[in-house]
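Read the structure below first, then the notes.
The values are calculated or read from the model by the stated rules, or taken from the named source; none is laboratory data. In this text, all values refer to a predicted model and were calculated from it rather than measured experimentally. Because the Cβ atoms are built from the backbone with ideal geometry, glycine has one as well, and the counts that use them run over all protein chains shown. Side chains included, ligands, DNA and RNA excluded: accessible areas come from the protein's heavy atoms. Shrake-Rupley method; radii C 1.70, N 1.55, O 1.52, S 1.80 Å.
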Amino acid sequence: MSDATTILVDTDLERDDAAAAATGLYLRLVGDGTISSVYEVESEPRFRVLDERLTEETGVYAIGLHASSHRWRDDEHGGSHLIEGGPENGIFCRYDGSFTIRCPECRQPLAPGDEGSEALEEALAVWCDAPNSAYVACPGCAAWTPLTLWRSPAHDFAVGHFAITLYGAHLRSLTDGDHDHSATLLRQRLGDVAGDFAVVYAKA
């Protein structure tokens, strides 16, 4: 199976609402037979896709549901539930940690280690503890804007408190305009009806 992953990141949802969003989606996907109720891989919990047609059409064999500051645990009813704590910090990027993002005001690119990237690196550190205070100063136009508004042209970075990882494929049609019907249906099935979630391509 491919180790490619496509991550859909809700960059707007508040941290206090992330666990409810992840739980609601879990219950819906378990209820309609899309995923197993029990997670696999303790270090990176994911739910096996039971819908064989979905896997055949998209290559997605498992789905991970992320909520900042929460982790999945087995429950006494043979299912899973979220509890507080855990490593989820709401930062999603490529497997090697490198990325480039653009200023939402002037579109200047910025990457860690670039000249003037100190504010970006500080914002990443602040995000984990006080996300509403994570602002980045653009070295080009000097505008201070929230880290959540900075987008990656290569789709290799996003921050958000609720995210969905699709294991098994890079669903490039979500970002290249090919309008793949099965990928679009999956995105809507996962609750991103308007296509507003940021997309990150990574590896498991």
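Quick grid of which residues meet (1) basic (K, R); (2) open to solvent by less than 30 Å² (accessible area, probe 1.4 Å); (3) modelled with pLDDT under 95:
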| position | (1), (2), (3) |
| --- | --- |
| I7 | no, yes, no |
| T11 | no, yes, no |
| A20 | no, no, no |
| V30 | no, no, no |
| G33 | no, no, no |
| S37 | no, no, no |
| E44 | no, no, yes |
| R48 | yes, no, no |
| D51 | no, no, no |
Residue satisfying all of: in region 69-80; closer than 23 Å to L166 by Cβ and in contact (Cβ under 8 Å) with a residue 40 or more places away in the chain; surrounded by the most Cβ atoms within 10 Å (Cβ to Cβ) among these: H70
Somewhere in region 21-28, is a residue among the polar types (S, T, N, Q) and either touching a helix residue (DSSP H, G or I) at 6+ places or on another chain (Cβ under 6 Å) or not in a helix (DSSP H, G or I) (or both)? no
Of all residues in region 160-204, which are open to solvent by less than 50 Å² (accessible area, probe 1.4 Å) and in a strand (DSSP E or B)? F162, A163, I164, T165, L166, Y167, A198, V199, V200, Y201, A202
Failed item, numbered, when G97 is tested on (1) more than 17 Å from W150 (Cα to Cα); (2) modelled with pLDDT under 95: (1)
Taking region 59-68 only, how many residues are surrounded by 19 or more Cβ atoms within 10 Å (Cβ to Cβ) and either hydroxyl-bearing (S, T, Y) or over 21 Å from K203 (Cβ atoms) (or both)? 2
Residue in region 82-140 that is most open to solvent (accessible area, probe 1.4 Å), counting only those that are in a loop (DSSP other than H, G, I, E, B) and aromatic (F, W, Y): Y95
Within the bounds of region 120-127, is there any residue that is farther than 26 Å from A62 by Cα, in contact (Cβ under 8 Å) with a residue 12 or more places away in the chain and in contact with a Pro (Cβ under 7 Å, 6 or more places away or on another chain)? yes
Does region 147-170 contain any residue that is of a type in the set (V, I, T), over 30 Å from T55 (Cα atoms) and either in contact with a Pro (Cβ under 9 Å, 6 or more places away or on another chain) or in contact (Cβ under 8 Å) with a residue 40 or more places away in the chain (or both)? yes
Hey, can you tell me all the residues within region 141-152 that are in a loop (DSSP other than H, G, I, E, B) and either hydroxyl-bearing (S, T, Y) or buried (at least 18 other Cβ atoms within 10 Å of the Cβ) (or both)? W150, S152
Restricting region 29-68 to residues that are free of Cβ contacts under 8 Å to residues at least 12 places away in the same chain and part of a helix (DSSP H, G or I), which is nearest to D3 (Cα to Cα)? E56
